[in-house]
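Laboratory data are not the source of any read-out in this text; all were calculated from the coordinates shown. Quantities reported herein were computed from a predicted structural model and do not represent experimental measurements. Note that we place each Cβ from the backbone using ideal geometry, even for glycine, and neighbour counts take in every protein chain shown.
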Amino acid sequence: MKTVALWLSLTSSGCFDPTKNDQAEGTGGSSGEGGSSMGDASGSVETTATTASTATTASTTMSTSATTSATESADASATATDTVADSGSSEGSVPTCGDGNVDDGEECDDADDIDGNGCNNDCHVSGQVVWCVIDGDFDEDNGAGISADNLGNVYATGTLFRQGIDEDVYIGSWTPDGTERFRNLYDLSEGGYERGNDLVYYGSADDLFVTVAQDGFARLVRVSTDGMLENDGAQSVTGATFLEAHAITVAPNGLYWAGFGSINGTSEFVVRRLSMFIAEQWTVHASQGPGNAPFYVGLVADPLDDVYLVGVSGPQGFIHHRSSVDGALLDNATGLPQLTAIAVAGNGELVVVGPSFVNGQGDNLTVTRRSADGNDEIWSVDFNGAANLDDRADGVAVDGDDRIVVAGSLADSDTSAQAFVARLDGDGAVLWQSAFSDEAGYYDVNDLVVDGTGAPSVVGSFFGQSGDGQIFVCHLTP
């Protein structure tokens with residue numbers, strides 16, 4: 001999610017890392033089933049996570065490849081769009097952005113004032129990288145979840161591994177122009193191993209909520225928007241010997257988190273509903289074939305407060321629609337390709353992303369629009385990297401104009417991949433697509449958020465020539 005955007009501006013999810021008893025599926029649970037406990041803040045916070053992060057802009061060192069025509073092929077190995085030659089303006093008129101002519105200082109001019117359609121209303125090409133940050137200490141660090149607040153500030157979480165010491169939760173924040181607000185490490189157990197899986201900005205509380213994995217168990221951490229640790233607490237399920245809260249999303253009247261666990265000796269997916277006051281309202285866990293270890297990987301809430309979840313069981317994916325009241329299963333689409341993220345369109349239809357195998361191309365990044373119950377495909381679009389190797393899909397969002405943003409990674413070679421973001425219209429036509437990298441290596445995108453202006457940001461892990469991971473965050477124009 002996993003990811004998630006500002007409520008009422010769009011609904012989205014995404015996050016790649018994975019997340020109740022033997023009662024009937026969809027029955028729901030009570031707080032007696034396990035529980036959510038938000039205790040006082042404990043552990044330590046380091047206000048300087050690592051050495052100074054590297055911030056770059058597209059105009060200086062960022063290598064980008066952008067395609068802006070909705071009619072072009074969805075093959076994402078496209079090169080940068082040539083600037084249209086200046087066609088001049090009528091004699092005696094003053095050239096202006098929006099007159100339909102590409103004048104000096106303009107990259108494009110489509111004579112409208114719509115952002116995100118390939119040519120933005122400032123006459124610059126859509127989907128350009130504004131800034132990127134690469135952070136970490138080269139010890140298998142991981143960028144996992146991303147969110148944005150009402151001001152457009154970006155928040156990212158993940159894990160920073162300190163060799164021979166421990167793993168700590170990483171949270172960083174940047175303004176829309178890339179100015180660093182804070183970068184903190186949270187050592188919740190003061191020496192244990194904790195991983196930041198996902199986070200969401202919860203506007204009603206003006207706080208961040210972060211799902212954390214700690215030594216095989218789940219925690220929910222509350223952090224202020226200036227990085228102060230407010231409290232954290234265990235998320236438990238009766239009978240669980242392992243529990244992972246993988247993804248989290250905001251709903252009109254609370255929060256949902258989802259993941260997986262080993263419960264009473266059985267591998268099961270898990271979803272929990274939390275009230276606006278962060279109290280558990282219900283928990284559902286169950287097993288689903290054909291695999292032996294089903295888990296939820298992404299989720300999103302709709303305007304009616306229900307939750308939609310995508311999961312993986314063995315080689316197959318599934319979609320669940322659950323009631324906000326008790327978690328009852330309302331729709332169940334099974335036997336699908338593997339899925340990684342889900343969004344809900346304004347008309348109730350679903351948009352999902354995941355890998356799909358194509359002979360001669362490996363796994364493509366595939367975005368599919370499906371019926372509201374998830375069972376019927378409406379359309380599908382594939383993006384394929386230049387090397388015809390396995391590509392990844394790890395984020396999707398739908399805005400109020402029914403435009404879709406997807407994110408993932410496109411492979412250039414066995415050891416190199418570019419981060420990738422694209423915007424499509426509601427019928428699947430590609431409005432723009434952008435593949436980008438800051439230096440040689442593998443950019444593994446793990447999550448996507450789109451802010452209230454329509455500008456996307458992504459988080460993931462960067463593997464350079466040393467092979468060790470670092471956290472990266474990039475912000476693009478709408």
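Modelling each spin label as a point 7 Å along the Cα-to-Cβ direction, I'd like the Ser44/Leu330 distance in nm, to one decimal.
About 4.8 nm, to one decimal.
Debye sum, Cα scatterers, the stretch 303-461, no solvent: what log₁₀ I/I(0) at q = 0.16, 0.17, 0.18 1/Å?
-0.88, -0.99, -1.09
Give me Leu255, Leu199 sorted ascending by neighbouring Cβ count inside 10 Å, so fewest comes first.
Leu255, Leu199
State the antiparallel share, in %, of DSSP beta bridges confined to the stretch 372-456, rounding to the nearest 5.
Numbers: 21 of 22 bridges.
Of those bridges, close to 95 percent are antiparallel.
Please express the Cα-Cα pair-distance distribution P(r) of the stretch 250-348 as a list of whole percents, one per 10 Å bin, running from 0 to the bin with the greatest distance.
That works out to 17, 50, 29, 4, 0, in percent per bin.
In whole angstrom, note down how far apart the Cα centers of the stretch 218-273 and the stretch 106-167 are.
Taking the Cα centre of each part, the stretch 218-273 and the stretch 106-167 sit 26 Å apart.
How large are Rg and Dmax for the stretch 105-191 when only the alpha carbon atoms are used, in Å?
Here Rg and the maximum Cα pair distance are 18.0, 58 Å.
Averaged across orientations, what area in nm² does the convex hull of the alpha carbons in the stretch 205-301 project?
6.4 nm²
Counting other C-beta atoms within 10 Å, and keeping those with at most 12, which DSSP coil GluC sites (Glu not before Pro) do you find in the stretch 114-216?
Counting only loop positions with at most 12 other Cβ atoms within 10 Å, the GluC sites (Glu not before Pro) in the stretch 114-216 are Glu190.
Taking the Cβ of each residue in Asp363, Asp326, Asp206 as the centre, tally the other Cβ atoms inside 10 Å and list the residues starting with the fewest.
Lowest to highest Cβ neighbour count: Asp206, Asp326, Asp363.
If I model a spin label as a point 7 Å beyond the Cα along the Cα-Cβ vector, how far apart are those points for Glu190 and Thr241 in nm?
In this crude label model, Glu190 to Thr241 measures out at 3.1 nm.
Picking from Tyr296, Ser275, Leu350, whose Cα lies most toward the positive end of the charge dipole for the stretch 275-359 (charges on Cβ: Lys, Arg +1; Asp, Glu -1)?
Towards the positive end, the residue furthest out is Tyr296.
If I take all pairs of Cα atoms in the stretch 384-442, what percentage of them are more than 14 Å from each other?
56 percent
Would you mind computing Rg(Cα) / (2.2 N^0.38 Å) for the stretch 259-304, counting N as its residues?
1.31
For Val270, Val125, Val325, which order do you get if you count the other beta carbons within 10 Å of each Cβ and list the fewest first?
By the 10 Å Cβ count, ascending: Val325, Val125, Val270.
Find out how many positive minus negative residues lie around Leu151, taking Lys and Arg as positive, Asp and Glu as negative, among other residues whose Cβ is under 13 Å from that of Leu151.
Here the charged neighbours net out to -4.
If you place +1 on the Cβ of every Lys and Arg and -1 on the Cβ of every Asp and Glu, how big does the dipole about the Cα centre of the stretch 182-271 come out, in debye to the nearest 20?
Once rounded to the nearest 20, the dipole reads 180 debye.
Pull out the extension gain between Trp379 and Val358, defined as 0.36 nm times the separation in residues minus the alpha carbon to alpha carbon distance; nm, one decimal.
Stretched out fully, the Trp379 to Val358 stretch lengthens by 5.9 nm.
With +1 on each Lys and Arg Cβ and -1 on each Asp and Glu Cβ, and nothing else charged, work out how big the dipole of the stretch 345-478 is about its Cα centre, in Debye to the nearest 20.
120 debye
About its Cα centre, what dipole magnitude does the stretch 407-478 give when the only charges are +1 on Lys and Arg Cβ and -1 on Asp and Glu Cβ, stated in debye to the nearest 20?
Magnitude of the dipole: close to 140 debye.
Give me the percent relative contact order of the stretch 357-404, please, defined on Cα pairs under 8 angstrom at least 6 residues apart. Show your work: numbers first, answer last.
Numbers: 58 pairs, mean separation 17.2, N = 48.
The normalised contact order for the stretch 357-404 reaches 36 percent.
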